[in-house]
Amino acid sequence: MRSKVFKYQRYIGVDYSGAGLPQSRLSGLRIYEAAQGSPAREIRPDSNLRKHWSRTAVAQWLTERLREPTCTIVGIDHGFSFPAAYFEKYRLAPDWLNFLKDFHKHWPTDETFTVQMIRDGKAGAGGARRGDSRWRRLCERRTPAKSVFHFDVPGSVAKSTFAGLPWLLQMQRQPGARVFFWPFDGWAPPPDRSVVVEAYPRLWSRLFSREHRNEHQHDAFAIAEGLRQADARGELAQGFAPRLNSEERRLARFEGWIFGVE
């Protein structure tokens, strides 16, 4: 086994939820945090354990953490971008930041709307930017992950993705955050920068016993603890360098990639 030489000082796992409004407190929205020598523990928004996180509060909390000098890796459980077919249909340049801006114009899910309201045409302009559940990103074709357009089925990540994308844009725009969004900003994060990656809990959750945690807690725990233990084993560099040819790497720079998928 490799010696414990850590790259990061803090590891955060977020199990996301696309339910309700951005300000709604959701039992399915969970955060776990680990440090180099300490296993992941749950972070609650309030001392009252009956109160849960909202997407608004999660984005604010993450932004504050990413402004701190503590070198951090954050894994979030929702899609960070859309398949190439979506870019082609709407004639979008293969550029992630422009994609986020265009998406937010049509799906302002960080405002006072639910994802379902925009799907139903009661807000936003989502009808002008719809996808097909048969479209899948390259990283999704290499895992059991469902399409980011596959709504209303068990295990769907579609609502979480549509609810979460505008918050990535907000975090990217925050001054002083010094955050590296992988792989959109490049494949090798600088050693002094915190990094945010797309996580798929199924890659990690079976490595750990459930203990007292519910499904959402365990998914967030597994992301944070999985990242911490991988770093302790010196394996994070492998995660940042999936085996892709030049065309696959080109696609992943705007489609995104799930951390840990080969």
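Residue under question is residue 185, and the condition is that it be farther than 18 Å from residue 99 by Cα and either assigned to a strand (DSSP E or B) or open to solvent by 40 Å² or more (accessible area, probe 1.4 Å) (or both); does it hold?
no
If I filter the range 188-218 down to residues being open to solvent by 30 Å² or more (accessible area, probe 1.4 Å) and among the charged types (D, E, K, R), which single residue comes out as farthest from residue 80 (Cα to Cα)?
The residue in question is 211.
Being under 21 Å from the mean Cα position of the chain (by Cα) and not in a loop (DSSP other than H, G, I, E, B) is the filter here, so list the residues in the range 99-125 that pass it. Show your work before the answer.
Restricting attention to the range 99-125, the residues satisfying the condition of being under 21 Å from the mean Cα position of the chain (by Cα) are 99-111, 113-116.
99, 100, 101, 102, 103, 104, 105, 106, 115, 116 - these are the residues of the range 99-125 that are under 21 Å from the mean Cα position of the chain (by Cα) and not in a loop (DSSP other than H, G, I, E, B).
Being at negative phi, free of Cβ contacts under 8 Å to residues at least 60 places away in the same chain and charged (D, E, K, R), is that true of even one residue in the range 165-173? Reasoning before the result, please.
Within the range 165-173, the subset at negative phi is 165-173.
Right, trim to free of Cβ contacts under 8 Å to residues at least 60 places away in the same chain and you get 173.
So of that shortlist, the ones also charged (D, E, K, R) come out as 173.
There is at least one residue in the range 165-173 that is at negative phi, free of Cβ contacts under 8 Å to residues at least 60 places away in the same chain and charged (D, E, K, R).
Among the residues of the range 107-147, which ones are hydroxyl-bearing (Ser, Thr, Tyr), farther than 16 Å from residue 257 by Cβ and either open to solvent by 10 Å² or more (accessible area, probe 1.4 Å) or free of Cβ contacts under 8 Å to residues at least 24 places away in the same chain (or both)?
Correct list: 112, 114, 133.
Kindly indicate whether residue 230 is out of contact with any Leu (no Cβ under 8 Å at 6 or more places or on another chain), open to solvent by less than 70 Å² (accessible area, probe 1.4 Å), at negative phi and assigned to a helix (DSSP H, G or I).
No; evaluated as a whole, the condition is false for this residue.
Matching residues to (1) aliphatic (A, V, I, L, M); (2) on the phi > 0 side of the Ramachandran plot; (3) modelled with pLDDT under 95:
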{"position": "177", "(1), (2), (3)": "yes, no, yes"}
{"position": "191", "(1), (2), (3)": "no, no, yes"}
{"position": "196", "(1), (2), (3)": "yes, no, no"}
{"position": "204", "(1), (2), (3)": "no, no, yes"}
{"position": "225", "(1), (2), (3)": "no, no, no"}
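Can you tell me how many residues within the range 73-95 are buried (at least 22 other Cβ atoms within 10 Å of the Cβ) and either of a type in the set (S, T, N, Q) or over 18 Å from the mean Cα position of the chain (by Cα) (or both)?
Residues flagged as buried (at least 22 other Cβ atoms within 10 Å of the Cβ) and either of a type in the set (S, T, N, Q) or over 18 Å from the mean Cα position of the chain (by Cα) (or both) within the range 73-95 amount to 1.
When the range 34-61 is examined, which residues are found to be open to solvent by 40 Å² or more (accessible area, probe 1.4 Å), outside any strand (DSSP E or B) and out of contact with any strand residue (DSSP E or B) (no Cβ under 9 Å at 6 or more places or on another chain)?
37, 46, 47, 48, 49, 50, 51, 56, 60, listed by residue number.
The values are calculated or read from the model by the stated rules, or taken from the named source; none is laboratory data. The structure presented is a predicted model; accordingly, all values stated were derived computationally and were not measured. Glycine also receives a Cβ, built like all others from the backbone with ideal geometry; neighbour counts cover every protein chain displayed. Ligands, DNA and RNA are excluded from the accessible area calculation, which covers all protein heavy atoms including side chains. Shrake-Rupley method; radii C 1.70, N 1.55, O 1.52, S 1.80 Å.
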